[in-house]
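No value in this document is a laboratory result; all are computed from the given coordinates. Just so you know, these numbers come straight off a predicted model, no measurement behind them. Quick reminder, even Gly has a Cβ in these numbers, built from the backbone with ideal geometry, and neighbours come from all protein chains shown.
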Amino acid sequence: MPNRLELSGITKQFPGVLANDHVSFAVKPGEIHALLGENGAGKSTLVKMIYGIMQPDAGEIRWNGEPVVVPNPKAARKLGIGMVFQHFSLFEALTVLENIALGMDAKIPSRELEARIREVMTAYGLLLDPHRTVATLSVGERQRIEIVRALLLNPQLLIMDEPTSVLTPQEVEQLFTVLRKLAAEGCSILYISHKLHEIKALCDTATILRGGKLVDTCDPKLETSRSMAEKMIGTGLKDIVKAEGRGFGPPKLLVNRLSTSRTGHFDVPVDDVSFTVRTGEIFGIAGVAGNGQNALLDALSGEIRSEDRDAITIDGKGIGMMGTTERRRHGLCAVPEERNGHAAVGDFTLSDNSVLTARDRLGMVVMGLINSGAAKTYTGKVIADFAVKALGPASTAGSLSGGNLQKYIMGREILQKPSVLVVSQPTWGVDAGAAAAIHQALVDLAAAGSAIVVISQDLDELRTLSDTLAVINMGRLSPARPVRDFSVDEIGLLMGGVHGTVEAA
Amino acid sequence: MQFRLEKRREPSKVMLYATPVAAVLLTMIVGAIIFSAIGYDGVGAVREIFLTPLTNSFKWQDLGVKAAPLIIIGVGLSIAYRANVWNIGAEGQYIMGGLAATWVALSTHGMGGWWTLPLMMLAGVLGGAAYAAIPALLRTRLNVNEILTSLMLTYASVQLIYYLVRAPWKDPMGMGFPQTKRFAAEALLPNIFPGTIVHAGVPIAIIVALVAWFIMSRSVFGYQMRVVGAAPHAARYGGFSENKTIWLALLVSGGLAGMAGMLEVAGPFQRMVPGFPTNYGFTAIIVAFLGRLNPLGVIFAGIVMAITFVGGEVAQTTIGLSSSATGVFQAMMLFFLLAGDILVRYRLKRVAPQEARA
Amino acid sequence: MTSELIIAIIVTVVGASTPILIAALGELVVEKSGVLNLGVEGMMLVGAITAFVVLFTTGNHYLAILCAAGAGVATSLIFGFLTLSLSANQTATGLALTIFGTGFSALAGQGYSARPVTLMGPLFPADLAAHPIWRVLFGYSALVYFSFAMVIGVWWFLKKTRAGLILRAVGENDLSAHSIGYSVVGVRYAAVAFGGAMAGIAGACFPLLLTPQWAERMTAGRGWIAVALVVFASWRPFRLLAGAYLFGLVMTMELYAKASGGPLSVIPAELWAAMPYLATVVVLVLISLRRDASSNAPACLGRPFLPTN
């Protein structure tokens, strides 16, 4: 039997980057094939070319043995290639049925389509009401729509782009069951991820990319996580240096029954959250995306003010009703999840971006006028101390890569020496080198006596970084415990909203 | 041979300032071609509209007088647009400024003094700002789009002039003309060069632009306007209130439009007439864009627009071209400028055809 | 008040409402695709002068409407090219389009002012159309019935057809629509062109339906009112119908006030003239007080589409 999909010498050049450099590998029928690599390794570009969103500059794609050109996604679907995107291509204001109809190339009367959808849903245990509006669905349910949409076309190859990044461990298990069933029926699966344990659990073969080049094709069951990680990253892994047996000082940040009101249609507000962070402590908050993390960060940073002065206190001083500027003066700095447009202004120079949050703490404003010299000096220091790859303080924030921008933002806040730092998703979409540097900087800041709150969806990150952990679900925070007292299963259940069992335990 | 657009790493400074110049030049060339094609003397029209006002020194005074209100209003709009506040009702705020100043002039008629003009100026600024406060209030309290409200209020303000000059403010000695009486001498702007028509509004316009430039580029106020316009979410994170910024943007742009209204009614018009709305408020929108929302650029853009106004009048008398041709030229300039904007962020890259197909 | 007066008022309201309704229906479709074209007023003026010149030259009303629609499409494509192909700022480009339409129509209409044309006659035979009572239903020109048909047509298109679903999807989430494989720019070009055609026809209503001559800026801000109406109607065609007739009524009230001679007649004419604009502001305020006001708004409205990001 010929290979389902075979790539040979696929090359794609972007301005300044060689995204794919002569990549060749093959996927057999019924095989679950992992495409492994760091952010920026060229995985997404590669699958976009298989799915017809982009065209390769050179190289050949063979489909069931025949050379093919895939001019667009429609042609890909016609061949039998389905794709589930990492960022769902869903329309929130439309119903499940309408969303699926949009993904179908053939015109199918909506009654017939609905019948077929129900058929697929029952066959694979993907239950959903076709008439619900997408906006009302959870992330896991939304992913089911994408999968159902892809399955309706009876694909011979299903591409899954980072499918588990938004799921709870239990949802991940359910997904794997579906994928294994599909593979058993002969459908090949191209599974893109950077999560090694998942790949070991699910995949038959793994192709590893680094910097646009193919590094290795191996059997993940015969590899260790560490060996695959080293192939993926290139150099030996650096561990976080955390001083053993360090103690914590007195309580620094006290959050007492903090709640926010619902702002948008689909926002999850913070609901009666309380926790304490001591000096020198890194407090981790885990949770699946969209469970109130954004509202919590805004409520802590001061973008959303509380009506209760003492809902948030630093060293006993109530700051709940203060805005962001005043909270910064009291030593609380924050880094929101979205870098471009929230933590930084893409069109502004780095120097101007420093004015955004550091102007008061570092005296960049004199009588209403901005001291641009001070801003430039400080920015230069951030660039140097955090090894930000930028031409200088006059580069625009938008010209930096995601990882470099994140290093700049973290540096901008950390060098202000905040007594409390709240960060959300500190290393999301950042390459391993930068992530390690950011983690180390956070650990060092805590060691210097700051209280740190890290909100993240990356459990691995939280388990290595934090001292104490709590889980947020639907805006409510679980009781906090030392991180080593949590098992992954427990965290998973909390993330999925099962409170009772754990609280009883 | 094919071209492809490629995103630049950094926005091009050169293109940022070259595109407005290119837009003006392209407008002249394309304008000449189009006007020839539809049966006018195209080259003549372009020459009269764009060059005669510059080469004829008698027209220079006229240029200054026409550029002054455009610059003052354009500076205000450039500040508002930076903050992403789309005040397009500057014409209405200009009218309200003019009416407020007229009210002061009429009610102090015959008992004025050195303080009359400053008082009129204050009234003009307040009148314009107050009218802009309506869209600001509606936007910040009820989230009503300021584009529509500010524009609708402009249409309403025109009717207010008609009402006032036809009834309560009508000059009884005006032989039935719907207009107010001529302002007293203390309520008229002095000419700065005796024997010319250049009034005090011209240097005021330059001063306004310079002050605005300094504030926008150096102060926290300017930073606030820019950051709220560029990234509202980041602005909130940085501690800048969006609502406060909307208020400031509308009050400043409305106040400056009102100031221009005062200068016009106390300068060239010398009284309130139904023809007071001269579209300066709308043309200033083009001025703000052509000046790249930079107060210094607005000075030059204001002069370019004034040239087309003066030139439009020249073309009307010399080659019989309708004054509305000016509007077409001005709109064309804005089209070319907006089209050229893409070159600031992208570069044109030539690609060989076979590569493009691959 | 006599029944003749009531009928006369209804007929006037219908006339005043029709152009706003047609223009607003076009803009509704444009906005549903995620594009905000503020150049409606300019496109209407281009349509108005085109219709006038064609009518003046040929005397054919239907040809005039057709040409006005074509001119509207051509004008809208300037906007489309700048905002869709070159990703220019939609607000600024829409304003530029209005400035252009105002100048262009004034230039083209030079020499046509004070030249009379004939208004478009009723669609139905004179027995019905001129009947003292039945003219309320049958006394209108084809444009009026066209506007009603388009209300249903636009509703049916958006709600019931696959093309309408795609258009809504593009306005809801352009990046998703692109990744599924729909041509976002193509769909939006089509929507913008439709909006241009409708604005052109709406402009044609002025010389064909209301005042049988050309006057500069004869649309007098109706294009802007149409834009406001789309917000008022929460992007729903039947609410648009109600909104347009509400405005038609406001614009016609002056006639009623004068005719009835009651207390309303002391209101100065200028205030009556300002009424539609003030009413627009009031309506925008009222709509903002409703909680679901923006829930039906296309999520991508006014945002430029950049597939590379």
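Using the Cα gyration tensor of the stretch A:46-201, with a ≥ b ≥ c the square roots of its eigenvalues, what is the shape: rounded (a/c below 1.5), prolate (a/b larger than b/c) or oblate (neither)? Provide the component values of the computation, followed by the final result.
Working: a/c = 1.63, a/b = 1.20, b/c = 1.36.
Verdict is oblate for the stretch A:46-201.
Counting Lys +1, Arg +1, Asp -1, Glu -1, what net charge surrounds B:P295 among other residues with beta carbon under 13 Å of its beta carbon?
Working: positive: B:R82, B:R218, B:R226, B:R292; negative: none.
That works out to +4.
With chain B treated as a Gaussian network of Cα nodes joined by springs under 10 Å, which of B:S78, B:S157, B:S324 yields the largest mean-square fluctuation?
B:S324
Tell me whether chain B comes out rounded, prolate or oblate; compute the Cα gyration tensor, take square roots of the eigenvalues as a ≥ b ≥ c, and use a/c under 1.5 as the rounded threshold. Write down the numbers at each step before the final one.
Details: a/c = 2.10, a/b = 1.32, b/c = 1.59.
It is oblate, given that a/c is not under 1.5 and a/b is not larger than b/c.
What distance in nm lies between label points placed 7 Å from Cα along the C-beta direction at C:A299 and A:E112?
The answer from the label model is 3.0 nm.
Given B:K59/B:K181; A:K231/A:K407; A:K74/A:K181; A:K195/C:K159, which pairs have Cα atoms separated by over 31 Å? Mind showing how you got there, number by number?
Numbers: B:K59/B:K181 29 Å; A:K231/A:K407 24 Å; A:K74/A:K181 26 Å; A:K195/C:K159 43 Å.
Cα-Cα > 31 Å for A:K195/C:K159; rest within.
Quick one: which residues, 5 or more positions from A:R476 or on another chain, have an amide H under 5 Å from its amide H? H modelled 1.01 Å from N in the peptide plane, none for Pro or chain starts.
Those qualifying (amide H under 5 Å, at least 5 residues apart or on another chain) are A:D271.
As a test of the formula, what do you get for the protein assembly as shown when each DSSP H run with n ≥ 4 contributes -39,500 (n - 2.57) and the sum is divided by the residue count, at 222 nm and rounded to the nearest 500 deg cm²/dmol?
-17000 deg cm²/dmol
List the aspartates and glutamates whose Cα sits under 18 Å from the Cα of A:K317, skipping any in the same chain fewer than 8 residues away.
By straight Cα distance, A:K317 reaches A:E307, A:D308, A:E326.
For chain A, build the charge dipole from Cβ charges (+1 Lys, Arg; -1 Asp, Glu) around the Cα centre, then report which of A:M83, A:S301, A:G346 sits farthest towards its positive end.
A:G346
For A:H87 and C:Y62, what is the calculated FRET efficiency with R₀ set at 45 Å and r taken between the beta-carbons, to the nearest 0.05?
On the way: r = 50 Å, r/R0 = 1.10.
Rounded to the nearest 0.05, the efficiency is 0.35.
Order of B:H233, C:H131 from fewest to most other C-beta atoms within 10 Å? Please list the in-between numbers first.
On the way: B:H233 17, C:H131 14.
Least crowded to most crowded, the residues run C:H131, B:H233.
Using only the Cα atoms of the stretch A:251-504, build the gyration tensor, take square roots of its eigenvalues as a ≥ b ≥ c, and label the shape rounded, prolate or oblate: rounded if a/c is under 1.5, else prolate if a/b is larger than b/c, else oblate.
Numbers: a/c = 1.83, a/b = 1.47, b/c = 1.24.
Verdict is prolate for the stretch A:251-504.
Between C:H131 and C:V282, what FRET efficiency comes out of the Förster formula 1/(1 + (r/R0)^6) with R0 = 51 Å and r the beta carbon distance, rounded to 0.05? Intermediate values should be presented prior to the final figure.
Numbers: r = 37 Å, r/R0 = 0.73.
According to the calculation, E is roughly 0.85.
Using only atoms on other chains, find how many Cβ atoms lie within 10 Å of each Cβ of peptide C:97-109 and report the average. List each step's numbers first, then the result.
On the way: counts 3, 5, 13, 7, 3, 6, 11, 6, 3, 7, 12, 4, 2.
Rounded to a whole number, the mean comes out at 6.
In nm, what is the difference between 0.36 nm times the number of residues separating B:S217 and B:I29 and their Cα-Cα distance? It would help to have the intermediate numbers written out before the result.
On the way: separation 188, 0.36 × 188 = 67.68 nm, distance 3.46 nm.
Between B:S217 and B:I29, full extension yields an extra 64.2 nm.
State the answer as a single residue: which of B:T180, B:W86, B:I72 lies farthest towards the positive end of the charge dipole of chain B, with beta carbon charges of +1 for Lys and Arg and -1 for Asp and Glu, about the Cα centre.
About the Cα centre, the residue reaching furthest to the positive side is B:W86.
Taking +1 at the Cβ of each Lys and Arg and -1 at the Cβ of each Asp and Glu, which of B:F214, B:V328, B:L106 sits farthest along the dipole of the stretch B:2-357 towards its positive end, judged by Cα position relative to the Cα centre?
After comparing all options, I get B:F214.
What aspartates and glutamates could a cross-link reach from A:K28, if we take a straight Cα to Cα line under 16 Å and drop same-chain neighbours fewer than 8 places away?
Hits, sequence-local ones excluded: A:E6, A:E66, A:E185, A:D204, A:D219.
Of all DSSP beta bridges located in chain A, what percent are antiparallel, nearest 5? Working shown, then result.
Values: 38 of 74 bridges.
The answer is about 50 percent antiparallel.
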